[in-house]
Protein chains: 4
Amino acid sequence: MTLRAPFPAPFRGVVPPLVTPLTPEGEVDVDSVRRLAGHLLDAGVHGLFLLGSSGEAAYLTDIQRRTALEAAVEAAAGRVPVLAGVIETTTARVLDRAKDAVKAGADALVATAPFYTRTHPAEIADHFRRLRAGADLPVFAYDIPAAVHTKLSRDTVLALAADGTLAGLKDSSGDEGSLRRLLPALRAAAPAFSVLTGAELTVDGALLAGVDGVVPGLGNVDAHGYVRLYEAARAGDWDTARREQDRLAALFAIVDAGDPARMGGSSSALGAFKAAVHLRGIIDCPATAAPQVPLGEAEFAHVRSRLGEAGLLPEGA
Amino acid sequence: MTLRAPFPAPFRGVVPPLVTPLTPEGEVDVDSVRRLAGHLLDAGVHGLFLLGSSGEAAYLTDIQRRTALEAAVEAAAGRVPVLAGVIETTTARVLDRAKDAVKAGADALVATAPFYTRTHPAEIADHFRRLRAGADLPVFAYDIPAAVHTKLSRDTVLALAADGTLAGLKDSSGDEGSLRRLLPALRAAAPAFSVLTGAELTVDGALLAGVDGVVPGLGNVDAHGYVRLYEAARAGDWDTARREQDRLAALFAIVDAGDPARMGGSSSALGAFKAAVHLRGIIDCPATAAPQVPLGEAEFAHVRSRLGEAGLLPEGA
Amino acid sequence: MTLRAPFPAPFRGVVPPLVTPLTPEGEVDVDSVRRLAGHLLDAGVHGLFLLGSSGEAAYLTDIQRRTALEAAVEAAAGRVPVLAGVIETTTARVLDRAKDAVKAGADALVATAPFYTRTHPAEIADHFRRLRAGADLPVFAYDIPAAVHTKLSRDTVLALAADGTLAGLKDSSGDEGSLRRLLPALRAAAPAFSVLTGAELTVDGALLAGVDGVVPGLGNVDAHGYVRLYEAARAGDWDTARREQDRLAALFAIVDAGDPARMGGSSSALGAFKAAVHLRGIIDCPATAAPQVPLGEAEFAHVRSRLGEAGLLPEGA
Amino acid sequence: MTLRAPFPAPFRGVVPPLVTPLTPEGEVDVDSVRRLAGHLLDAGVHGLFLLGSSGEAAYLTDIQRRTALEAAVEAAAGRVPVLAGVIETTTARVLDRAKDAVKAGADALVATAPFYTRTHPAEIADHFRRLRAGADLPVFAYDIPAAVHTKLSRDTVLALAADGTLAGLKDSSGDEGSLRRLLPALRAAAPAFSVLTGAELTVDGALLAGVDGVVPGLGNVDAHGYVRLYEAARAGDWDTARREQDRLAALFAIVDAGDPARMGGSSSALGAFKAAVHLRGIIDCPATAAPQVPLGEAEFAHVRSRLGEAGLLPEGA
């Protein structure tokens, strides 16, 4: 593990949630992880987020998770912080994953509220406090009701930001209105707190609203676009930001590649991200983890065609 | 009924969803409806939307709905279009309300997908087509999953925009990401189609994304603010738009006035809007319709105090 | 209106929720309503429930609702009580429908909690109390979360049973466990309170658990079967009850007639019930109300074939 | 590991889902696991289910899960089968837990559909097939939409029963109507398939409907009651079965011990089960796993008082 600078506060910028490249046999493809991380760093991203939903964390074994994280930490080589998802049902299990992440050299943890169980705001707050106490890394709360089936309440986030339990929030709730009410309260209560939006289609509006950064799944496919969007917004050039966002929203249509009669939306979206990164020549194999349904040939062609329209295919592809 | 210009296409601007002022006995207070409409017109709004969720449409009898709508049409006197909600469970019932709205002089109808029943996209499309065929007014689809428990699909909206069934969409889904993907497709398929957002906390971002207008419940309380926000955005002055939106988002905190142990979020929010409009001297009585729980004295004071901070109380109040 | 005996308490037995026969043009077919009511009375049912979900209440205009209800009241001629659904979003609107039902000669009202709006237990209790005070008929609470998106809480039902607001509960929640906990508490708090289950596939278990009666949509198709099931249960002959229930559960498969790619579950189930009642020669036309998707020829044949297996087709059909 | 008889097919009877006793420090209390298992065996149960929802599986680390399972297997000593929950988000992770369960000596696995991720029926079927292929034990599907947020479809269960992928179903969906339709189809397609209901309040009705057994959380507290209920039902003595069920439904009220302002329903229910088993002298400590909120003194007294009413407290307690 390299010696690191302290984790920046607030942490800002474009932080793609890396897909986890797999071999045809379903094992983590370490070389492809490194190439993907390198590609993103070259594009100018400000951090890497491993083992989130885009990273298929829920599909990977503990060992696979560690393997992917270690490869990314090595590739980052301290140039940007590496955030690690620690996706588990409840506190003690998250702490086990946090130990793995610390060993692998992560710079911060990203944890959801408890899931599978029915929970309560008091239990959620206690969960994050125990996690912060038990793991020697900054903790981001991951608000993703589509997966966890609970929305982090405004009061919970404010309390955990104010008392230093949380270093930041990754908001994948899609609830931009709630976020707009939360942001000024957070700025007042915890100026170093970092808010990252996972809503990759409304990044211009989110930056206008004052978020610190963005964690776009589509950033695996077009990191340069998100970096341009972020920089335009930072410079107050909202017309450029909007045009870039419109372009990226059109590209996002790759997620509809999969036939809904054959597969779920998650198989389709993750399959399309991996297909695109593969078609761009960045990772070796587009396989997703079982039991997700793989994209078929026509579905693959749909992705290729959208990439072509966006000028994102390598010459000769 | 006055002679009217054709309904503008696309219809644009700030279109507050008027609360329906009631007397202490629970009847529609016609004078207060007129005063509220007049106040909003003086603030420069571009349309009035009657009988939406903020208008407590679900709580009003058919006769009360007509009374409120007629009063607003009279007050508007053709200066701006009046849109009328026709909130009913299914097609035949919506058509009955549409007849009432036509008689009352509305300029356009705003209708949801069927609710109470379980439904299907094919049935939703047929519902809007029958409504358009049976009612001689432009139809806006009202996408409000919190009430209807169905989200209008992208394909349904696009098809009904392209074939002229719908004149526009009032999007109260809160799903800004879906909207961002829908907007360019709508611009291509139906350039005269109007998209109005009901998400009153993210209007700056929505206008940056390209929506045509906004239907803010909070616009009952501070219409001038929403007009300033809209005009700043139209002028490309995004910093001013953002500051105005931040101010309005802070003011929105009045909706939390009600004690959640005593009442639901709807009683609290509608009670607070009406309390605020009453405290500003625009309507005579802040009563909400039964069986909503009325705000108590302390809750009323909460609203007053927020209005004071925002400089929205009349002198001496 | 005939002179009536007081409404029995607790009200008991088989109370089919009548489908509302329509003409090909979509109007209420009064003769078919009468024939259906007569058929059910001949089968020995203990009450008729008009204007529930099976009656397509959400699809009928106010006038259509009254027409159907009046026809059934006339056909019942005081022999069994007629319960009338008063399906509207909130209190004042339900009271308008209650007036219609009183005029039409109903013996009791069946009302849901408010829907479309977000609501709160205190508001739901107030809703039923205002309804009871404003309508001079016994009130049954209709617990149907699939339509209303709220489950009536145990505490609400107990309080409203104990203070005499409610005469009974029609439980279409499908939550048999909650009902099992509620039943003994109701027996203690309000011995005359009537619990009717709308869960037509588990009637034997519900009667074993102590419910007073059943409101089976499938009872339109095979009322004799439900009467036999009810009588076997009352006699403690649980083996016969179970066999009858198994037979009726198999017959229930007609609701899957509709192709899910073409229509929703409601179109399929209501279409199948009406197709079956029509094929049995009881009503003239199997049409359902718009915008429901009608069954196609093959789907119709599916219903016919199940009826044949069950021995429910008339000779020569 | 002792030598075992083949797993019975269909597997039948009362199979309590054991709570996992913890020490005050939060570690698995092996002696108490053994005592609890012994107590249940003495009551005449027909199997033990470890690491389900009542067992707080979602709160236990992998090592804690194994420890608890090993203790129960040892205590069962081959007298009854031991089923092991393998609660993990997706296939590869479930397979890791399945390996642990095999090593610990379990006789069968109980697995849910994938959760946290969005999924699809085709993916769910593939998930169970891969699990069956990868783990050398019979597999029960655990249908628990409250935790997994997906209901297993009728078609999925039928297909996986017919092709031998699944040995049985533990139905904790609470959807008794669906189950009633499924049971005859299962009897025809897979006579050796075992259906166990997790709906502990409607066991009499479920046995009347034809389920093979019951997995009652409350069976930790009163296993003798569930054994009596099961045996009465097997003997066709439905009046006795109903009275026993009524008694157990009344006892179930212990789950409401916790103050809902302070804790969630899960903390309350699991806390109450453990409190009851502790008060009955079977386990040493009533602690639940963090971050669940522990019952307070008054809440504990509520449990004690209900147990007293039920005659379930040891003399002198």
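The values are calculated or read from the model by the stated rules, or taken from the named source; none is laboratory data. Source: prediction; values computed, not measured. Because the Cβ atoms are built from the backbone with ideal geometry, glycine has one as well, and the counts that use them run over all protein chains shown. For accessibility, only protein heavy atoms count, side chains too; no ligands or nucleic acids. Shrake-Rupley method; radii C 1.70, N 1.55, O 1.52, S 1.80 Å.
Observations on the structure shown:
- Largest-first ordering by accessible area, 1.4 Å probe, given options B:GLU27, C:GLU123: B:GLU27, C:GLU123
- For chain C, with all protein chains in place and a probe radius of 1.4 Å, 53% of the accessible heavy-atom surface sits on carbon or sulfur.
- In the stretch D:164-185, the residues whose accessible area drops by at least 50 square angstrom when the other protein chains are added to the isolated chain are D:ARG180, D:ARG181; the probe is 1.4 Å and only protein heavy atoms count.
- Expected-Rg normalisation [2.2 N^0.38 Å, Cα atoms] applied to the stretch D:13-237: 0.95
- Relative contact order (%) - chain D, alpha-carbon pairs under 8 angstrom, separation at least six: 19
- Between the stretch B:106-155 and the stretch B:1-65, the alpha-carbon center distance in angstrom: 21
- With a Förster radius of 41 Å applied to the beta-carbon distance between A:PHE7 and B:ALA146, the computed FRET efficiency rounds to 0.60.
- Mean partner shielding of peptide D:197-209, defined as the number of other chain Cβ atoms within 10 Å of each residue Cβ, is 5.
- Among A:PRO286, A:PRO17, A:PRO184, the largest mean-square fluctuation in a Gaussian network model of chain A, built with springs joining Cα atoms closer than 10 Å, belongs to A:PRO184.
- Magnitude of the charge dipole for chain A, about its Cα centre and with charges confined to Cβ atoms of Lys, Arg (+1) and Asp, Glu (-1), is about 720 debye.
- Highest-MSF residue in chain B out of B:ALA133, B:ALA261, B:ALA125 [GNM, Cα springs under 10 Å]: B:ALA261
- Peptide-level mean, for B:271-280, of C-beta atoms on other protein chains within 10 Å: 0
- Bridges between two residues of chain A, per DSSP, are antiparallel at a rate of about 5%.
- Candidate residues B:GLU297, C:GLU299: accessible-area rank, largest first, probe 1.4 Å: B:GLU297, C:GLU299
- Separation between Cα centres of the stretch B:73-102 and the stretch B:292-317, rounded to whole Å: 32
- Residue-averaged [θ]222 nm for the protein assembly as shown, counting only DSSP H segments that reach four residues, each worth -39500 (n - 2.57): -14000 deg cm²/dmol
- Averaged over the residues of peptide D:137-147, the number of Cβ atoms from other protein chains lying within 10 Å of each residue's Cβ is 1.
- Rounded to the nearest 10 Å², the accessible area of A:HIS149 at probe 1.4 Å: 90
- Leaving ligands and nucleic acids aside, the B/C contact buries around 3400 square angstrom of accessible area in total at a 1.4 Å probe radius.
- The lysines within cross-link reach of B:LYS274, meaning a Cα-to-Cα straight distance under 24 Å and a gap of 8 or more places when in the same chain, are B:LYS170.
- Using the Karplus relation 6.51 cos²θ - 1.76 cosθ + 1.60 with θ = phi - 60°, the per-residue 3J(HN,Hα) values for the stretch A:133-147 come to 5, x, 10, 8, 8, x, 10, 9, 7, 10, 9, 9, x, 4, 9 Hz, with x marking Gly and Pro.
- Evaluated at q = 0.18, 0.19, 0.21 Å⁻¹, the base-10 log of the normalised Debye intensity for the stretch D:7-120, with identical point scatterers placed on the Cα atoms, takes the values -0.85, -0.94, -1.12.
- List B:ASP204, B:ASP284, B:ASP96, ordered by accessible area with a 1.4 Å probe, largest first: B:ASP284, B:ASP96, B:ASP204
- Whole-Hz ³J(HN,Hα) from phi, Karplus 6.51 cos²θ - 1.76 cosθ + 1.60, for the stretch C:162-172, glycine and proline x: 5, 8, x, 4, 9, 8, x, 9, 9, 9, 10
- Label-point gap, in nm, between A:SER153 and C:GLU27 - each point 7 angstrom along Cα→Cβ: 5.6
- The stretch between D:GLU315 and D:ASP284 holds 9.5 nm of extra length on full extension. This uses 0.36 nm per residue minus the Cα-Cα distance.
- Length-normalised contact order for the stretch A:85-215 - Cα pairs under 8 Å, 6+ apart - percent: 19
- Take every DSSP beta bridge whose two residues both sit in the protein assembly as shown; close to 5 percent of them are antiparallel.
- Using the Karplus relation 6.51 cos²θ - 1.76 cosθ + 1.60 with θ = phi - 60°, the per-residue 3J(HN,Hα) values for the stretch A:174-179 come to x, 9, 5, x, 4, 4 Hz, with x marking Gly and Pro.
- Per residue, the convex hull volume that the Cα atoms of the protein assembly as shown enclose (Å³): 171
- Inter-copy label distances for B:ALA162: 3.8, 5.2, 6.0 nm (label point placed 7 Å from Cα along Cα→Cβ; shortest first).
- Where the protein assembly as shown is the region considered: accessible area per residue in Å², 1.4 Å probe: 34
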